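Read the structure below first, then the notes.
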Amino acid sequence: MDWIYRELSGLLESMQAPATDDDVRLINSLMNPPLLPVTARDIYVRRCRLAGDAVDAGFGRFRTEELPSLLSMVQGAPALIGHRKDTLGVARFFGGDIQIDERTGISYIVPKFYWMRLHSSSEDLKVNIDGGIYNEASLGFTFRRPTCSVCEEDIRRCEHVPGREYDGECCFFFYDEIIKVTEGSLVYRGAQPGTGFMLAHSEANDVEQTGLPRFKWQGIWYRGFPEKLIPMEV
């Protein structure tokens, strides 16, 4: 089964209040909870505006009705630094809610994340977040179907191009059939603008290029390998 990996970035929000009893309850109730139950004195807590139902820079969009499910998938996901998958996570996402920006009308998932005060790099992480060095959180997730906003078909197989106008409306695609949230990362300003996506295949290492699915991006047809796009002739 083909699936697509995507990364999106959102702003970290200023929130320096101490952890609450509800935060502690949610953390200790996570799937795979801490081996030793945490207390409010053990942790730092911050939150981030992670993803919303507006069309993003890569012309993708979450359906508004799918945001509660997405927030649920974020629960317990690890937070890395700069998507460094060769390192251990420094924090975990938990809790949060869905908020509507009164100015734009856009709905966002706004999860919280926590890390341990006694970790050797705990204060460095706090200083970098509160000082604006890390001011975005980037979400990695997988989904199966990019649905065209014009014809409701899989946009990899229809004739519409994301970002191009049709009858006065800009074409985009929905992130449909979301599989899971793989991880989140704390990143530097602008480190993950979220302007593209990669197609991955469960058996990509054993498949000929001609056996991979194709999709069209900015008017060019591609075949997909994990973390690499291969231009193809139409």
Handout entry: Residue ID - farthest from the chain's Cα centre (by Cα), chosen from residues in segment 163-199 that are modelled with pLDDT of 90 or more and surrounded by 17 or more Cβ atoms within 10 Å (Cβ to Cβ)
Key = Cys171
Practice task
Filter segment 133-145 down to the residues that are within 18 Å of Met73 (Cβ to Cβ) and touching a residue at least 60 places away in the same chain (Cβ under 8 Å), then identify the one that is surrounded by the most Cβ atoms within 10 Å (Cβ to Cβ).
Solution key: Ala137
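Can you name every one of the strands (runs of 3 or more DSSP E) wholly within segment 89-164 that holds 2 or more residues which are out of contact with any Leu (no Cβ under 6 Å at 6 or more places or on another chain), more than 18 Å from Leu50 (Cβ to Cβ) and hydroxyl-bearing (Ser, Thr, Tyr)? Spell out how you get there, then give the answer.
On the way: elements: 91-100, 107-116, 134-148.
Fully inside segment 89-164 and qualifying: nothing.
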Problem - Residue count, segment 17-56 (criterion: small (Gly, Ala, Ser) and either part of a strand (DSSP E or B) or modelled with pLDDT of 90 or more (or both)) - result: 4
Exercise for the section: Identify the residue in segment 93-132 that is surrounded by 12 or more Cβ atoms within 10 Å (Cβ to Cβ), of a type in the set (Val, Ile, Thr) and more than 22 Å from Pro18 (Cβ to Cβ) and, among all such residues, is modelled with the highest pLDDT. Expected result: Ile98
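The values are calculated or read from the model by the stated rules, or taken from the named source; none is laboratory data. All figures in this text were calculated on a predicted structure; none of them were measured in a lab. Quick reminder, even Gly has a Cβ in these numbers, built from the backbone with ideal geometry, and neighbours come from all protein chains shown.
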